[in-house]
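J.: Below is the structure I would like to discuss, written out as structure tokens.
Derivation of every value follows stated rules applied to the coordinates shown; laboratory data play no part. Quick caveat: nothing in here was measured; it's all calculated off a predicted structure. Every residue, glycine among them, receives a Cβ derived from its backbone with ideal geometry; neighbour counts consider all protein chains shown.
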Amino acid sequence: MRRGIAQLVAIGVVIALLLTVVAVVFKWLPTSASEEFDRIQAVYWFATVISIGIFALVAAVIVFSVWKWRVPLDDDADGPPIHGHTGLEIAWTAVPAILVIAIGVVSAVVLARNGEAGTRPLEINAIGQQFAWKFVYSDYDDLRSGQLVLPVNQEARFTMTAVDVLHSFWVPNFGQKMDAVPGIETSIIVTPTREGEFQVVCAELCGFGHATMRAKARVVSRAEFDRWIQEQNA
Amino acid sequence: MTTTLEHATPDHPGPDHGYPEHYEPPRGPYWRLFFGPGLVRGVWMALAFFVFGLLIVAGLRWWWGWDPILHWEVIAAVAGMTTAPIGFLAGIGSFDYWLHYIVGRPTRPEDHSGHGATSWKDYFRVNTDHKVIGIQYLVTTFVFFTIGGLMAMLFRAELAQPGLQFVDPQTFNGLVSVHATLMIFLFIIPAFAGIANFVVPLMLGAPDMAFPRLNALSFWLLPIAGLMFVTSFVVSGGAFGAGWTGYAPLAEGQPLGQTFFNIGVQWAGASSIMTALNFLVTIITMRAPGMTFWRMPLLVWANFTTSLLVVIATPFIAGSQFFVMFDRIMHTSFFVPDGGGYVLGYQHIFWFYSHPAVYIMMLPGFGIVSEVISSMSRKPIFGYRLMALSLMGILVLGFSVWAHHMFVAGMADWLRVPMMITTLLIAIPTGIKVFSWIATLWRGRIHLTTPMLFALGFVTMFTIGGLSGIYLGSVPIDIAASDTYFIVAHIHYVLFGGSVFTIFAGVYFWFPKITGRMYDERLGKLHFWLTFVSFNATFFPMHYVGLRGMPRRVSDYSEAFGDLNFAISIASFVLGASFVVFAYNIIVSWVRGPIAGGNPWRAHTLEWQVTSPPPIFNFDEIPQVVGGPYEYGVPGARHAVMSAAAAEPQEVRA
């Protein structure tokens, strides 16, 4: 049996290594362009390590058992009458409990951090309407724009409303997402860390034009942002 | 072959009850064709009730002076989808017994002429035999599975390339919505009900379900719901396109098709509730002597917990859809913010059903897999009591997690962390089940038959679905991944790699019991491997495109995802084609497969101790249960004594 256990562990390690390669070689997440998404990606990797371990365990036991104990279909003997094992059952109740609570605690901490607006965030109202976004810069005389322009390394608080139906504000590279709901205000914080051009996507089905409800998001330097504001006001 | 009374039992006396063995209506054959219960009367009564509903609407609108008198949206809802189906049900005879009772006419004595099936025509009648109803359920649900699958291939064709090629966006939304609705309400939930209908009374040692007429009625509600979902494509404005979730306020502004969803769900939901009540009463009151709760097979436990979920949760979706329909038709403002409505209220009510619905769609599968893995490994199920208790754990926790569907919906911030914790905690009872299944394999004598392949495929695929569920349970990750293809991948790992695999496992496993014939093992294995590989090729890459930034429910998408979506679409067509192998195998084997014998798997539960197919009232003698259901390998252990006459130990029949 000791050799069997060694074989089982070997199968598990091979599966885990394969999965790790798949997890690392492919770029599963878009490049993070915000502090919030950096933290979300940390939780993602934490969950991925645990998931690879659990899947490798389950898959290894199945592969090993079928390989080791498969019998021809006309075999008519029975297996050993093992009804259970209290110690094992306690273990596989307690260990997953610890793991999921660990994920829960990490997630709660990150969620709280990602909700902190800093001392003076840039206030932007994002208004969803079939099928376009409108951004209102309330710090700058309610400047209105169909394009989202943000200064880098400055917390921005998006306050969302919707005119007609549900929409959802999402920039994949920012990680953050929030529905715009008719009748109430919702909000998220984004702190862009990377200059460049991104896409605002509507993530909540809002009708036949849902797929095309996109807007451009530009993250620029503080100076360029000020210049853009002046241009818009000119 | 006529229904003679050779199956008469002490509870169901023979001819000495004083009535003729078959109840014969007192008129001729034409009179009977048109006025006797059956599809012909169903059709004309549906038409008559439609006219009746139309007159109510038109009459009331004329009375109040409302214009137009013929308001077709209201007529569709009242006459088309409410009174006409009632007429149809009355016509086929679902209410005959109760109506006779109510109006004081002599009720038809229970002669069991509506019981059992001697020709294919009996499957198109109101039939009170749980085995016939089980087959009616399964055939109907696989028809709708095919329709829903074809819809999926249509929109996968559209998604093979960015841009629009085949369908316009509204039709696309309709296809996506109807696909999901059919798969959930007309396939997974009722297919499990079908399997359980056939198997649960047999497993309990009961002659039938507790309420056979209610059982027949709950089946006939299903085709009505399915017809509504499918025919919504032909009305003006097209099928309902607000997703199967039908979120307000989008659903409130949709064309007429949305009403088909609002009301179709009521019929499907009523069917579910009636069946669930029937299972609960059957399981509580009709267990054979000696069948204590702790001797029930896990499939029975699973359907017990599922039925509790159904009766508690289903009224909530009924309510949510009524509110939306009232907003649409009667201009109330439950979810209209300008009228004081609360948009998020819809989502709370909807998910208070629809999250438990995920377990309604999963727990019966857990039961099936427990049966298959135990008998195919020739070992007792590992940790039987904890397996049953973990079902109850999921039942209770399942009601406290609904808002994890709403982490980005804008609900109260403080609600997110508690809902995350309860969501993550569900991984514990679920993990117990997965670990117990693989522990059952350990040192077993594993028979790798088709149902076993599907069961093992289920355990691995469901583990992936469960793990992606942990990602989504974590609020920060969910905020990034919500509403993307990651969700599409997750639900298909849970509902296809999970539920549908278990349905396949169950159909193959009980096929010899249901038909008396054996399916083709080689074709079964081909079906499994084709399905397993193309399933993964279809849905695993969706995790990737979702995380990378492709939202769900879009007919058009960024060029960057073009190649992967092309590959996904090709794989999905292979997945669709793999179903042909299954259909061919089942149909051909049903007609001329080899005779299976009573107990081809040498299983211990009661349904395998009778002939295949089972006798009309299941047991010639009520069995006496004397032990647990999975005592494989225990010397001398037995689950039940089938006949008092043969009380000495008997070999399990091969």
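J.: Helix A:222-233 sits at what angle to the longest principal axis of chain A, using alpha carbons and giving 0 to 90 degrees rounded to 10?
T.: Its long axis makes an angle of about 50 degrees.
J.: Relative contact order for segment A:122-233: what is it in percent, counting Cα pairs under 8 Å that are at least 6 residues apart?
T.: 29 percent
J.: Okay, moving on. Considering only segment A:111-190, what is the antiparallel percent among its DSSP beta bridges, to the nearest 5?
T.: Approximately 70 percent, going by the DSSP bridge assignments.
J.: Between helix A:2-25 and chain A, what is the angle of the helix's C-alpha long axis to the longest principal axis, kept within 0 to 90° and rounded to the nearest 10?
T.: Approximately 20 degrees, to the nearest ten.
J.: If you don't mind, there's one more thing I want to ask. What full-extension length gain, to one decimal in nm, is calculated for A:T31 and A:Q147 as 0.36 nm per residue of separation minus the Cα-Cα distance?
T.: Between A:T31 and A:Q147, full extension yields an extra 39.7 nm.
J.: When ranked by the protection proxy of mean other Cβ atoms within 10 Å per residue, highest first, what sequence do the peptides B:50-61, A:54-65 form?
T.: A:54-65, B:50-61
J.: How big is the gap, in Å, between the Cα center of segment B:224-243 and the Cα center of segment B:513-572?
T.: Distance between centres, Cα-based: 25 Å.
J.: Go ahead and run the numbers for FRET between B:W590 and B:A567, Cβ-Cβ distance against an R0 of 35 Å, rounding to 0.05.
T.: Efficiency, from the Cβ-Cβ distance: 0.45.
J.: Something else: Listing A:K216, B:K121 from the residue with the fewest other Cβ atoms within 10 Å to the one with the most, what is the order?
T.: If I rank by nearby Cβ atoms, fewest first, I get B:K121, A:K216.
J.: Take peptides A:181-189, B:286-294 and line them up by average Cβ neighbours within 10 Å, highest first, as a rough protection proxy.
T.: Going by the mean number of other Cβ atoms within 10 Å, highest first, we get A:181-189, B:286-294.
J.: Would you calculate, for chain B, the mean residue ellipticity at 222 nm contributed by helices, counting each DSSP H stretch of 4 or more residues as -39,500 (n - 2.57) and dividing by all residues, to the nearest 500?
T.: Dividing the helical sum by the residues of chain B leaves -19500 deg cm²/dmol.
J.: Continuing with this model, one more query. Angle, helix A:35-69 long axis vs. longest principal axis of chain A, Cα atoms, 0 to 90°, nearest 10?
T.: Roughly 20 degrees, rounded to the nearest 10.
J.: Measure out, as a whole number of angstrom, how far apart the alpha-carbon centroids of segment B:335-414 and segment B:120-140 sit.
T.: Comparing the Cα centres of segment B:335-414 and segment B:120-140, I get a distance of 30 Å.
J.: Hey, another quick one. Please give me the summed charge of the neighbours of A:T31: other residues whose Cβ is under 13 Å from its Cβ, Lys and Arg +1, Asp and Glu -1.
T.: Net local charge, A:T31 excluded: 0.
J.: Would you please give the FRET efficiency between B:L526 and B:V417, computed as 1/(1 + (r/R0)^6) with r the Cβ-Cβ distance and R0 = 56 Å, to the nearest 0.05?
T.: 0.70
J.: Calculate, in nm to one decimal, what B:V634 and B:T292 gain on full extension: separation in residues at 0.36 nm each, minus their alpha carbon distance.
T.: Value of the extension gain: 121.1 nm.
J.: For A:I98 and B:R602, FRET efficiency with R0 = 45 Å and r from the beta-carbon atoms, rounded to 0.05?
T.: For B:R602 and A:I98, the calculated efficiency is 0.65.
J.: A further question follows. Determine the sum of side-chain charges near B:P169: Lys and Arg each +1, Asp and Glu each -1, restricted to other residues whose C-beta is under 12 angstrom from that of B:P169.
T.: In short, -2.
J.: Multiply the residue gap between A:A23 and A:D75 by 0.36 nm, knock off their C-alpha separation, and tell me the result in nm, one decimal place.
T.: 14.6 nm
J.: Please order B:I329, B:I273, B:I263 by the number of other Cβ within 10 Å, starting at the fewest.
T.: So the ranking, lowest neighbour count to highest, is B:I329, B:I273, B:I263.
J.: Sticking with this structure for a sec: In peptide B:625-638, what is the residue-averaged number of other protein chain Cβ atoms found within 10 Å of each Cβ?
T.: Averaged over the peptide's residues, the number is 2.
J.: Between B:W44 and B:A537, what is the label-point separation in nm under the 7 Å Cα-to-beta-carbon projection?
T.: Between B:A537 and B:W44, the simple spin-label model gives 5.5 nm.
J.: Continuing with this model, one more query. Tell me which DSSP H helices of chain B clear both cut-offs, 15 Å or more of axial length from alpha-carbon atoms and a mean Kyte-Doolittle hydropathy of at least 1.6.
T.: Sorted by number, the helices that extend far enough and score high enough are B:39-64, B:189-204, B:298-325, B:384-398.
J.: Excluding B:Q321 itself, what net charge comes from residues whose Cβ is under 11 Å from its Cβ, given Lys and Arg +1 and Asp and Glu -1?
T.: Neighbourhood net charge equals 0.
J.: Going by a ≥ b ≥ c, the root eigenvalues of the Cα gyration tensor, does segment B:29-103 fall in the rounded group (a/c under 1.5), the prolate group (a/b larger than b/c) or the oblate group?
T.: prolate
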